[in-house]
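*Asks:* Handing you this structure, nothing more for now.
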Amino acid sequence: MSTKHEIPILTRVLYVFGALTIIGAVIGGAILCADSLTAGIAVISGGLFAGVIYIGIGQAVDFLARTAISTGRLCTILETSITERLRAIESGSSASPVTPTPSGSTVKYYYSTNGEQQGPIDASDLRMMRKDGLVTDDTPVLREGEAAWRRFRDYLALSR
């Protein structure tokens, strides 16, 4: 899987500075060589060294950009994998005993406001209530078939 990598602007700027430094050193050194060979060689070698440093820093910036992109992709893959695993754990087994829901029916939830049990409602309705601000992350929620109340945020199925 290969995606096109765009070279960062800073890398391009450093490459240009490096090339211009090398070109300037060669031209300046050639002019100085007419007067003094030693001075011309010193200018050329110093300019070449500086140009190579600019280009090397540009390559380091490019490498860091590629690494950041790869790390971002890796984080996305890991996050997706972990999320899917947590969903499987939540739906398969949980800390509190769960009575299996009959196949074909949707899971129902109860929620508590001011100490009063409300529901049952579907997960989509409960998510909509969260979106509308009627339910918070700390609202007690009970999934049908479970014995213990948990907070809204503790149900991964509701946070999707």
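The values are calculated or read from the model by the stated rules, or taken from the named source; none is laboratory data. What you see is a predicted model; the values in this text were computed from it and never measured. Because the Cβ atoms are built from the backbone with ideal geometry, glycine has one as well, and the counts that use them run over all protein chains shown.
*Asks:* Can you say whether residue 39 is free of Cβ contacts under 8 Å to residues at least 40 places away in the same chain, more than 22 Å from residue 14 (Cβ to Cβ) and touching a helix residue (DSSP H, G or I) at 6+ places or on another chain (Cβ under 8 Å), as far as the supplied structure shows?
*Replies:* On the way: free of Cβ contacts under 8 Å to residues at least 40 places away in the same chain: yes; more than 22 Å from residue 14 (Cβ to Cβ): yes; touching a helix residue (DSSP H, G or I) at 6+ places or on another chain (Cβ under 8 Å): yes.
When the stated conditions are applied, residue 39 passes them.
*Asks:* Let me ask another. Can you tell me which residue in the range 1-58 is nearest to residue 73 (Cα to Cα), limited to those that are charged (D, E, K, R) and part of a helix (DSSP H, G or I)?
*Replies:* The initial filter retains those residues of the range 1-58 that are charged (D, E, K, R), namely 4, 6, 12, 35.
Retained after the next criterion (residues that are part of a helix (DSSP H, G or I)): 12, 35.
Values: 12: 24, 35: 57 Å.
If we take residues in the range 1-58 being charged (D, E, K, R) and part of a helix (DSSP H, G or I), then 12 is nearest to residue 73 (Cα to Cα).
*Asks:* A further question follows. Every residue in the range 58-73 that is within 17 Å of residue 16 (Cβ to Cβ) and free of Cβ contacts under 8 Å to residues at least 40 places away in the same chain, please.
*Replies:* 60
*Asks:* Oh, and also: So residue 78 clears everything in (1) at pLDDT 70 or above; (2) outside any helix (DSSP H, G or I); (3) loosely packed, with under 12 Cβ neighbours inside 10 Å except one condition, right? Which one?
*Replies:* Exception for residue 78: condition (2).
*Asks:* Something else about it: Using the structure shown, decide if residue 68 is in a helix (DSSP H, G or I) and within 15 Å of the chain's Cα centre (by Cα).
*Replies:* It is true that residue 68 is in a helix (DSSP H, G or I) and within 15 Å of the chain's Cα centre (by Cα).
*Asks:* Keeping to the range 32-56, report how many residues are crowded, with 16+ Cβ neighbours inside 10 Å and of a type in the set (D, E, K, R).
*Replies:* Count: 0.
*Asks:* Identify, please: which residue in the range 108-155 is under 17 Å from residue 90 (Cα atoms), loosely packed, with under 15 Cβ neighbours inside 10 Å and hydrophobic (A, V, I, L, M, F, W, C) and is, among those, nearest to the chain's Cα centre (by Cα)?
*Replies:* 148
*Asks:* Test of understanding: among 158, 134, 126, 142, which residue is within 20 Å of residue 87 (Cα to Cα) and in a loop (DSSP other than H, G, I, E, B)?
*Replies:* On the way: 134 fails: within 20 Å of residue 87 (Cα to Cα); 126 fails: in a loop (DSSP other than H, G, I, E, B); 142 fails: in a loop (DSSP other than H, G, I, E, B).
Unique residue meeting the criteria: 158.
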